[in-house]
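Comments concern the structure below.
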Amino acid sequence: MSPGSSTESYPAFARIGLRENPGKNLNQLSAGNLSLYNMYKVKFESSYRKSNPVKQVTGKQMAYTTPSPVRFPVGTRVIAIFQDNDWSKECYYSGVIAEPPKSMNKYRYLVFFDDGYAQYVSHEKILLVCECSRNVWEDIHPDSREFIRKYLEQYPERPMVKLQQGQIVKTEWNGKWWIARVVEVDGSLVKMHFDADGRTEWIYRGSTRLGPLYAELAHAAARKEQGTFSRHRGLGVATLKKRNMPYVEYTRGTDGEEMRRDDSGVTITLLGPVRDGHGHSSESTPSRAVAKKSTTKRPDSISDRSHDPQYSGSSTVEKSQQPQGRVEFLQLNSSRRRPKTFEPHQCGASCLTGTEYDPKAMKGENPLVIPMLCSWERQVSRCRGKRVVIYRAPCGRRLRNMEELHRYLRVTKSNMAVDLFDFDFWVHCFAEFVLERGFSNIKDLSYGAEHVPVPCVNCVDHSLPDYVSYSTKREPTDGVDLNLDPEFLTGCDCTDDCQDRDKCACWQLTIQGTAYGPGGVVDPTVGYIYRRLPEPVMTGIYECNARCKCSNTCLNRVAQQPLQIKLQVFKTENRGWGIRCLNDIPQGGFICIYAGRLLTEQGANEGGKNYGDEYLAELDYIEVVEKLKEGYESDVVEDDSDSPSEERGSCEVRRSRVIEQADSGLSEEEEEEGETSQEARDSDEDFTLQPWEKGKGTPLPEQCSIRTRLRNRASRHGSEDSQHEHRDRDRDRDRDRDRDRDRDGDSGRERDREGEKESDKGYNEEKSRRKAPRSVSSSDHNYSDDEDNEQLRLPSRFAAVSEPKESDKNKKPKNRSVREFFGNDEYCYIMDAKNNGNIGRYLNHSCSPNVFVQNVFVDTHDLRFPWVAFFALTYIHAGTELTWDYNYDVGSVPGKVLHCYCGSNDCRGRLL
Ligand SMILES: C[S@@+](CC[C@H](N)C(=O)[O-])C[C@H]1O[C@@H](n2cnc3c(N)ncnc32)[C@H](O)[C@@H]1O
């Protein structure tokens with residue numbers, strides 16, 4: 001037999017039968033050496049192939065018989081025992097090492113088997129294949145080859161879907177997409193249960209058979225095709241998804257630094273260029289050098305973080321990102337004027353005599369402290385065991401909530417706006433972040449352009465921020481036809497601070513706009529609640545404008561206000577400059593806008609290419625709303641049990657706040673215990689709610705606090721206090737869904753049911769068409785190979801072979817885009833804050849942001865030009881960095897990789 005004469009391209013050693021007594025097989029070699037493509041005669045000594053025990057094989061079809069004394073690097077060609085619970089039998093299959101043993105995988109190897117399965121295997125159950133091609137994927141069946149090639153080329157960086165038990169994920173099997181549920185997550189694998197037939201399968205979390213990964217990569221590819229630059233997208237895809245949906249993370253390994261005693265008891269250090277078990281250098285599987293050589297330790301997956309002190313819990317990352325400062329509690333002058341002792345009276349303008357608010361004199365003060373500077377008092381007291389906030393007005397009147405407070409401000413003709421007040425007892429109005437030391441300090445980065453100074457500090461090095469022409473206004477450039485003529489606006493005639501939403505024309509624009517959102521139903525409760533925005537309004541907010549009759553204190557004028565809160569630009573360790581707040585920010589509080597030069601798509605692409613794209617933000621309002629309209633979310637499996645993470649987030653913060661407060665021993669200056677509760681109940685009738693204020697049926701947003709509203713929403717969706725409850729809810733929801741399937745429901749459900757029926761049918765047909773897998777056991781010495789035409793287990797795949805029906809890839813919107821009405825060459829306009837901009841340009845990205853972005857129409861109703869405004873997603877402590885989710889598409893910019901250093905437990909690993 002001459003070398004290289006084999007006709008078999010894909011070795012099937014696992015099926016050749018090295019299991020029974022593999023040593024004997026090798027001992028039976030009759031000829032040849034182990035050089036490439038040499039042929040060997042092997043005599044099988046078992047009952048297998050009794051009639052013809054001698055077979056010719058290549059070195060690629062044989063494996064050594066004893067476990068390797070050294071650890072296998074990623075990309076090593078092996079045979080390994082695949083254990084299938086369903087078959088309860090063990091047998092060898094050929095595959096490739098995909099992950100080395102490490103803590104996150106409990107020191108097992110991840111093996112990608114040639115027939116599309118993946119499993120964790122311990123060292124002693126893996127045998128090295130005698131020979132393999134230089135490009136190991138060439139030895140693998142074409143169905144898996146491309147996937148494994150890409151995997152090895154990119155390793156250790158790889159995208160994986162972050163999943164939790166109970167989540168429902170569209171999963172591909174046999175060319176069709178099924179509803180499947182996460183049963184268990186084990187390192188890089190997830191066990192999926194297919195609802196249609198009860199089958200389970202362990203799938204690699206980086207497989208495009210998992211819908212979220214498929215969608216992410218398809219989306220990135222589409223963006224790449226468009227050749228666009230990386231831009232923060234106003235309200236892009238991620239924001240449309242619910243916050244506990246599965247998402248794609250980009251993990252990076254730390255394998256090169258691992259030195260552990262492996263399962264075979266051999267200590268191996270893998271440093272420098274990795275060589276596979278066959279002596280090939282890793283050149284054939286190039287990986288991204290920069291990511292590999294990174295000195296910043298990154299976890300290989302999210303679960304890995306729990307083992308890595310640098311990323312776990314209140315991690316070192318957080319520590320390194322912690323400011324060198326402390327929160328102090330401002331003490332007001334004890335001789336300041338305090339509220340009078342309350343005497344029953346009718347309130348009017350005279351109640352504020354001598355205590356009027358002078359905005360000019362108080363410019364630069366923390367807005368939440370201003371009332372106290374005007375003889376108000378904020379008391380935190382206990383009422384029936386609960387902590388409540390009560391404001392005492394200068395005339396002694398006690399005001400228990402925003403309704404009463406707003407009414408008081410109106411009756412007394414105060415020029416104060418409601419957002420100078422806050423009834424959340426966790427918010428400490430006097431908390432102020434104070435820096436301990438810093439190398440440089442600029443008093444006002446805006447040089448007077450902002451209403452309040454924007455200080456800039458650096459505690460990391462001596463550098464200063466790049467020069468920026470500070471501007472709070474967006475500046476249209478050539479080709480941007482921004483018409484700000486108020487004649488093109490519609491306004492309202494309100495005289496009640498736009499409290500009655502039914503009457504306010506501007507509120508109605510916001511409310512009616514919600515009909516274009518998911519579900520197509522008008523939501524009368526949407527938008528600001530006493531000038532705070534609890535959650536994003538995807539269909540946009542229309543604020544009162546230059547045409548309106550209402551005053552500046554109107555409840556529908558928020559993002560148009562100049563910067564009020566005290567922010568500080570500071571140098572971070574690894575993310576350039578960032579912004580922190582110096583005082584507590586209540587949930588929903590307005591922070592700032594994103595201002596810059598308005599560019600055309602073409603201008604942005606050219607500018608981005610030449611000068612960088614870090615500060616580009618896309619005004620994609622039209623596209624996002626149209627995606628909502630087109631049912632974009634339909635390719636995202638909804639998790640009905642989602643409860644507002646904002647609530648959870650703020651509760652977490654609140655909990656930590658309790659601890660902080662208990663620790664510090666500080667009590668707020670204005671806090672009183674006990675007896676105010678009675679007084680709170682005795683508050684005067686003229687500030688109790690009027691019938692129109694109480695409302696009938698659905699309460700108007702003004703009638704409930706942000707917290708109440710979120711609670712209502714939470715109870716609608718079920719609470720999310722623990723993983724356990726979450727799973728219970730998932731089960732309940734599944735039961736509900738089953739019930740829905742069984743009974744006649746609305747048309748939507750009907751459609752779903754039909755869809756499922758259809759797919760069930762397909763699945764069952766497929767099942768009966770293909771034979772059930774047959775076990776190939778080592779114990780019954782039942783070896784098989786292709787030649788013998790034995791029935792093997794049903795092959796699986798790493799990559800999806802079909803695209804989900806609803807994939808937005810190449811999907812044309814059903815209706816003509818609104819943008820087309822503006823002209824043929826209309827694309828999204830882009831805000832570029834690189835050289836001209838305001839403080840918004842310094843907001844960094846986080847995968848767990850505390851700020852969200854909102855499109856707001858202020859000076860034009862042209863849908864192409866909303867303002868980009870930022871609001872607090874949760875209650876934010878003084879001294880915390882403010883971050884939003886840039887929502888970039890990873891992989892969308894050819895050749896550009898930007899790793900994320902947000903330090904969040906849910907970090908997706910990459911920005912680009
Ligand atoms: C809009 S700028 C934000 C301000 C910027 N840090 C600066 O110094 O001007 C966006 C850039 O900040 C950096 N950045 C922001 N968030 C980051 C993160 N989580 N991880 C790594 N880099 C980040 C990236 O370089 C990104 O291109």
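The values are calculated or read from the model by the stated rules, or taken from the named source; none is laboratory data. Note that this is a predicted model, so its numbers are computed, not measured. Don't worry about glycine lacking a Cβ; one is built from the backbone with ideal geometry, like all the others, and counts go over all protein chains shown. With ligands, DNA and RNA removed, areas are computed over all heavy atoms of the protein, side chains included. Shrake-Rupley method; radii C 1.70, N 1.55, O 1.52, S 1.80 Å.
Hey, can you tell me all the residues within region 382-399 that are of a type in the set (Gly, Ala, Ser) and buried (at least 22 other Cβ atoms within 10 Å of the Cβ)? If the condition is that a residue be of a type in the set (Gly, Ala, Ser) and buried (at least 22 other Cβ atoms within 10 Å of the Cβ), then Ala393 is the only one that fits. Considering region 594-612, and only residues there that are within 14 Å of the ligand (Cβ to nearest atom), part of a loop (DSSP other than H, G, I, E, B) and modelled with pLDDT of 85 or more, the residue that is nearest to Leu533 (Cα to Cα) turns out to be Tyr594. Summed over region 85-101, the residues that are of a type outside the set (S, T, N, Q), surrounded by fewer than 22 Cβ atoms within 10 Å (Cβ to Cβ) and in a loop (DSSP other than H, G, I, E, B) give a count of 2.
For region 505-518, enumerate the residues that are crowded, with 17+ Cβ neighbours inside 10 Å and free of Cβ contacts under 8 Å to residues at least 24 places away in the same chain. Of everything in region 505-518, those that are crowded, with 17+ Cβ neighbours inside 10 Å and free of Cβ contacts under 8 Å to residues at least 24 places away in the same chain turn out to be Gln508, Ile511. Here Pro486 does not fit the description of being within 16 Å of the ligand (Cβ to nearest atom) and in contact (Cβ under 8 Å) with a residue 24 or more places away in the chain.
In the set Tyr447, Tyr408, Tyr467, only one residue is free of Cβ contacts under 8 Å to residues at least 40 places away in the same chain and either buried (at least 21 other Cβ atoms within 10 Å of the Cβ) or under 30 Å from Glu328 (Cα atoms) (or both); that residue is Tyr447.
Do you know which residues across region 365-387 are of a type in the set (Lys, Arg) and at pLDDT below 95? The answer is Arg382, Arg384, Lys386, Arg387.
Scanning region 886-896 for any residue that is within 16 Å of the ligand (Cβ to nearest atom), within 20 Å of Ile585 (Cα to Cα) and either under 12 Å from the mean Cα position of the chain (by Cα) or not in a loop (DSSP other than H, G, I, E, B) (or both) turns up nothing. With respect to the stated conditions, Val868 is β-branched (Val, Ile, Thr) and closer than 25 Å to Gly479 by Cα.
For Glu803, the stated conditions do not hold, so it cannot be described as within 16 Å of the ligand (Cβ to nearest atom) and either open to solvent by 10 Å² or more (accessible area, probe 1.4 Å) or at pLDDT 95 or above (or both). Scan region 571-593 and give yes if some residue there is within 16 Å of the ligand (Cβ to nearest atom), under 27 Å from Ala515 (Cβ atoms) and crowded, with 21+ Cβ neighbours inside 10 Å, otherwise no. Taking every residue of region 571-593 in turn, at least one turns out to be within 16 Å of the ligand (Cβ to nearest atom), under 27 Å from Ala515 (Cβ atoms) and crowded, with 21+ Cβ neighbours inside 10 Å. There is no residue in region 322-336 that is under 25 Å from Asn415 (Cα atoms), over 42 Å from the mean Cα position of the chain (by Cα) and modelled with pLDDT of 95 or more. Given Asp485, Asp493, Asp497, Asp502, which one is under 30 Å from Val522 (Cα atoms), surrounded by 17 or more Cβ atoms within 10 Å (Cβ to Cβ), among the acidic types (Asp, Glu) and more than 31 Å from the chain's Cα centre (by Cα)? None of the other options fit; the residue is Asp497.
Among all positions in region 528-548, there is at least one residue which is charged (D, E, K, R) and more than 26 Å from Trp884 (Cβ to Cβ). Take the residues of region 464-481 that are acidic (Asp, Glu) and part of a loop (DSSP other than H, G, I, E, B): which is nearest to the ligand (Cβ to nearest atom)? Ranking the qualifying residues of region 464-481, first place goes to Asp466. In the condition set (1) within 14 Å of the ligand (Cβ to nearest atom); (2) under 17 Å from Pro536 (Cβ atoms), Cys907 is compliant with all but (2).
Criterion applied to Leu912, Leu873 was being open to solvent by less than 20 Å² (accessible area, probe 1.4 Å), within 10 Å of the ligand (Cβ to nearest atom), on the phi < 0 side of the Ramachandran plot and in contact (Cβ under 8 Å) with a residue 60 or more places away in the chain, and the one residue passing it is Leu912.
Within region 876-890, residues that are on the phi > 0 side of the Ramachandran plot have Cβ atoms under 8 Å from residues that are part of a strand (DSSP E or B) in these pairs: Gly879/Gly325; Gly879/Arg326; Gly879/Val327; Gly879/Phe433; Gly879/Arg580; Gly879/Cys581; Asn887/His232; Asn887/Arg233, counting only partners at least 6 apart in sequence or on another chain. Note on region 613-622: residues that are more than 16 Å from the ligand (Cβ to nearest atom), among the charged types (D, E, K, R) and over 20 Å from the mean Cα position of the chain (by Cα) amount to 0. Here Cys554 meets the list (1) surrounded by 21 or more Cβ atoms within 10 Å (Cβ to Cβ); (2) under 24 Å from the mean Cα position of the chain (by Cα); (3) in a loop (DSSP other than H, G, I, E, B) almost entirely, failing just condition (2).
Using the structure shown, decide if Gly479 is of a type in the set (Gly, Ala, Ser), at pLDDT below 95, under 25 Å from Val625 (Cβ atoms) and touching a helix residue (DSSP H, G or I) at 6+ places or on another chain (Cβ under 9 Å).
So Gly479 fits the description; yes.
Residues that are touching a strand residue (DSSP E or B) at 6+ places or on another chain (Cβ under 8 Å), away from the ligand (no atom under 16 Å from the Cβ) and either open to solvent by 40 Å² or more (accessible area, probe 1.4 Å) or in a strand (DSSP E or B) (or both) within region 816-860 comprise Tyr829, Gln854, Asn855, Val856, Phe857, listed in sequence order. On inspection, Gly837 qualifies as in contact (Cβ under 8 Å) with a residue 24 or more places away in the chain and small (Gly, Ala, Ser).
So, Ile591, is that one within 24 Å of Cys456 (Cα to Cα) and assigned to a strand (DSSP E or B) or not? Answer is yes for this residue.
Taken over region 370-413, the criterion of being within 40 Å of the chain's Cα centre (by Cα) and in a loop (DSSP other than H, G, I, E, B) is satisfied by Arg384, Gly385, Arg400, Asn401.
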